[in-house]
Structure formats: structure tokens, C-alpha cells
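This report refers to the structure that appears directly beneath it.
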Amino acid sequence: MPTPIAGEHPLTLYVDKCEVVTLMTLGQAPEALAIGYLRNQRLVSSLDELAAVQVDWETDAVAVTTRRGVKSLAKKLAKRTVTTGCGQGTVFGDLMEEVDSIRLRDDVRLSEAALFAVLEAVRQHETIYNAAGAVHGCALASNEGADSRILVFIEDVGRHNAVDAIAGRMWLDNIDGSDKIFYTTGRLTSEMVIKTAQMGIP
């Protein structure tokens, strides 16, 4: 009897022909993953800085072209912080210095009704997990009490990739995170919490 298995593939990210990282991914949303990775690594500060994103699965690569280059790219890539995580995440630059400048809304609350609505909605979206298991899921949800719904849902072998892909989708779809809910399977590492804060999600 055939057994579904989630297939993980390498995707090497190039920025202006400079190799940045190889991400192991299911490949569910490669463009959003690349954009979100650059966003969450603070290598680009807005979608307007990007001229093109091209994914080529024949070479397992995604090439990002910026409009004016990434300022001090080599310097940023030189300083790495290895974070706690199942696969040891890496963040570039001075992570903690930039965290202190993040300001989130303090008037947003998560009601019990919203929590249960999001949990139920997530169960309906976990298609890869239900078929093959062994993957994580992350969601961006509205915060509307019992009417809360999933806006973006990404499954990947690594939660960090799913977080980055959601960050990319938020930019591509012009979604403001300031009143939203972020959901993830598994535990929360410091890197995931920081990424979510950078995405403006309270």
C-alpha cells in the first residue's frame, strides 16, 4: 500500500547573484519564502526594494534581484547568530539591537472564542500533515472572536520556513499584521517570536 511522504528539497537563495543560504523546503510557496526570509533577516525593508524573484526548480534556486542592491550585504552575512531550534536557525546582523526598537500594539486581545475558532480552522487546512504527517503548519488569522478565520496557511518541514513564507505573503498581499493572530504547531523558539514581532503581529 503506498505511503505518502512529504518531500523536502533544497532551495538556494541568491540575492543579486550572491549566495545567501540554502533552505530545505517542501516548496509550497517558494517566492513568498524567499521574500519572507529576506524580510525576517532584515536584509530588505520593503517589497519595493525588490525588482524580481525567479524560482527555478531545475537548479533548485531562487534568484532575487534588488533595485539598488542590499547595503552592506557582505557585512550582514558575516555576523551570524545560531538560534535554538530543531535545525538550528541562523539570523544575520545584530539581532538583539534591532529587537529593542520593535513596538507592537498593546490594545489587541485574544479571546477564548477567537482561539477556538483559529484552532478549528487550522484543522481544516492541514492537508499535507493529514496525508503524510511530519510537517509543521503556520497560520496568519484574523482576530474576530468566533468569526476568526485563516488568512494565510503554510505547511513545511520546518516551522521557520513557514513563518518566513507567511511574512512574504503578507508583503505580497499587503496584509497588516498589527491586529492579527499568528499560529504555529510545535514550540516557540526565540527566533520565531522575534520574526513574528518583526511582522508586526501582537
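When region 1-35 is filtered for residues that are among the acidic types (D, E) and assigned to a helix (DSSP H, G or I), only E31 remains.
Whether any residue in region 48-58 is modelled with pLDDT of 90 or more, closer than 20 Å to T22 by Cα and out of contact with any strand residue (DSSP E or B) (no Cβ under 8 Å at 6 or more places or on another chain) is what I want to check. Yes.
Within region 1-16, residues that are in contact (Cβ under 8 Å) with a residue 12 or more places away in the chain and under 13 Å from D156 (Cβ atoms) have Cβ atoms under 6 Å from residues that are among the small types (G, A, S) and open to solvent by less than 80 Å² (accessible area, probe 1.4 Å) in these pairs: A6/A132; H9/G27, counting only partners at least 6 apart in sequence or on another chain.
Find all pairs meeting these conditions: Cβ atoms under 6 angstrom apart; at least six residues apart or on different chains; first residue within region 57-74 and of a type in the set (S, T, Y); second residue in a loop (DSSP other than H, G, I, E, B). As it stands, the answer is T66/D16, since those pairs meet every condition given. Out of all the residues in region 36-53, is one or more part of a loop (DSSP other than H, G, I, E, B), of a type in the set (V, I, T) and either under 16 Å from the mean Cα position of the chain (by Cα) or buried (at least 22 other Cβ atoms within 10 Å of the Cβ) (or both)? Within region 36-53, one or more residues are part of a loop (DSSP other than H, G, I, E, B), of a type in the set (V, I, T) and either under 16 Å from the mean Cα position of the chain (by Cα) or buried (at least 22 other Cβ atoms within 10 Å of the Cβ) (or both). A single member of I201, I194 is open to solvent by less than 30 Å² (accessible area, probe 1.4 Å), assigned to a loop (DSSP other than H, G, I, E, B) and not hydroxyl-bearing (S, T, Y), and it is I201. Elements of the type helices (runs of 4 or more DSSP H) sitting completely within region 106-182 and holding at least 1 residues that are of a type in the set (D, E, K, R) and open to solvent by less than 30 Å² (accessible area, probe 1.4 Å): these cover 159-172.
Contact map, region 17-34: residues that are within 18 Å of A51 (Cα to Cα) paired with residues that are of a type outside the set (A, V, I, L, M, F, W, C) and open to solvent by 30 Å² or more (accessible area, probe 1.4 Å), Cβ distance under 8 Å, separation 6+ or inter-chain. Pairs shown: V20/Y14; A32/R169. Tallying residues that are within 27 Å of D156 (Cα to Cα), at pLDDT 90 or above and not aliphatic (A, V, I, L, M) within region 72-127 yields 2.
The values are calculated or read from the model by the stated rules, or taken from the named source; none is laboratory data. As the structure is a computational prediction, the values presented were derived from the model and not from experiment. In this analysis, Cβ positions are derived from the backbone assuming ideal geometry, glycine residues included, and neighbour counts consider all displayed protein chains. Areas reflect the complete protein model, heavy atoms only, side chains present, ligands, DNA and RNA absent. Shrake-Rupley method; radii C 1.70, N 1.55, O 1.52, S 1.80 Å.
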